[in-house]
Amino acid sequence: MDIKTAIIKYLEWKESHTTSACDRYKVRLDHFKKYITKYKNQLVEITGDDIVSYHKFMERSYSPSTVAFSARILKNFFGFWHGRRKVNFSPKEIIPMRFITADREVVTKHDFEDMNEALSIEGTYDELVKRLVVNLLWDTGMRVSELCEMTLDSISEVDENGLRTAKVRSRKSMRYNRVVWSKRTDDLLTHYLGIRICSESDSDALLIGGRLKRPLTTRTVQRWIREICDLALIDKPLTPHSFRHGKAHEMLDNGANVRDVQAVLRHVKPESSFHYLQLSQKKFISIAGKYLTT
């Protein structure tokens with residue numbers, strides 16, 4: 001079997017149970033195919049030494065995290081075909097490199113307030129959308145993909161507590177979960193919906209922006225966050241995902257437990273929530289300080 005066909009068949013299998021991962025896997029596998037087909041074209045010809053050579057080649061241009069990610073994908077890919085007896089080496093030979101990850105930047109409550117102040121309350125339509133985006137990210141800890149995929153139908157009516165919620169779908173688990181936001185954010189949303197419902201857009205997306213009134217994309221939101229940080233004089237490389245980390249830190253620093261973080265951030269596995277305990281410096285110092293001798 002040639003490598004191109006092997007990748008296509010593997011991705012078809014992968015897509016049957018995880019569409020989001022399939023897209024990322026395709027990028028890395030196509031890159032591997034471009035490299036390896038200069039020397040070999042058949043799957044059965046590839047050896048563990050070829051994988052080592054490929055990752056040494058990647059190290060010239062890519063970060064350690066990208067190389068490690070590639071190794072995990074190739075291990076999964078060759079593990080799939082090893083199970084079908086189409087490769088002649090053990091996928092166990094593919095060992096992702098270990099590396100030290102840099103500390104992730106986190107949106108603090110102070111950063112959040114600075115961003116809000118940088119955007120005029122009585123500003124343009126785009127500024128209103130940007131304020132709404134910032135507030136939804138902070139209140140809910142949503143992933144940027146979940147935010148951009150919200151629809152008008154996903155917004156609930158106001159409940160007896162005066163709160164409004166929405167159903168969002170995670171690309172990771174493909175599950176629908178509910179998110180809730182503050183009264184301040186809901187006031188922004190109410191103002192926005194008055195304009196949004198009267199727009200001429202044919203899309204059912206909740207968030208649309210620009211003169212063409214097209215649904216927001218993740219890249220647009222990423223660019224907006226960079227621009228808002230510049231306006232607010234925030235000297236940190238914040239991203240939309242930094243709000244998700246910030247939400248976890250804010251909860252833990254105010255007495256929440258890991259189970260609370262798991263519920264609010266909609267983690268399927270509690271192990272994902274435990275990760276934030278390691279990231280929260282304030283929480284770490286608080287816990288460690290209890291056991292210091294005086």
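A few notes on this one:
- Every pair of residues 6+ apart whose Cβ atoms lie under 7 Å, when the first sits in region 35-57 and is over 17 Å from residue 75 (Cβ atoms) while the second is polar (S, T, N, Q): 44/88
- Scanning region 76-120 for residues that are crowded, with 18+ Cβ neighbours inside 10 Å and over 30 Å from residue 131 (Cβ atoms) yields 77, 78, 81, 87, 91, 94.
- Here 159, 126, 153 are screened, and the one residue that is surrounded by 13 or more Cβ atoms within 10 Å (Cβ to Cβ) and of a type outside the set (Ser, Thr, Tyr) is 126.
- Scanning region 91-117 for residues that are modelled with pLDDT under 90 and among the hydrophobic types (A, V, I, L, M, F, W, C) gives 95, 97, 99, 100, 102, 106.
- Helices (runs of 4 or more DSSP H) contained in region 20-134 and holding at least 1 residues under 30 Å from residue 194 (Cα atoms), touching a Leu at 6+ places or on another chain (Cβ under 9 Å) and charged (D, E, K, R): 109-118
- Extreme residue, modelled with the lowest pLDDT, among residues of region 152-179 that are under 19 Å from the mean Cα position of the chain (by Cα) and not charged (D, E, K, R): 173
- The residue that is farthest from residue 58 (Cα to Cα), among those in region 1-19 that are in a loop (DSSP other than H, G, I, E, B) and of a type in the set (S, T, N, Q), is 16.
- Evaluating residue 30 against the criteria (1) of a type in the set (Asp, Glu); (2) loosely packed, with under 15 Cβ neighbours inside 10 Å; (3) free of Cβ contacts under 8 Å to residues at least 12 places away in the same chain leaves one unmet condition, (3).
The values are calculated or read from the model by the stated rules, or taken from the named source; none is laboratory data. Source: prediction; values computed, not measured. All Cβ positions, glycine included, derive from the backbone under ideal geometry; neighbour counts span all protein chains shown.
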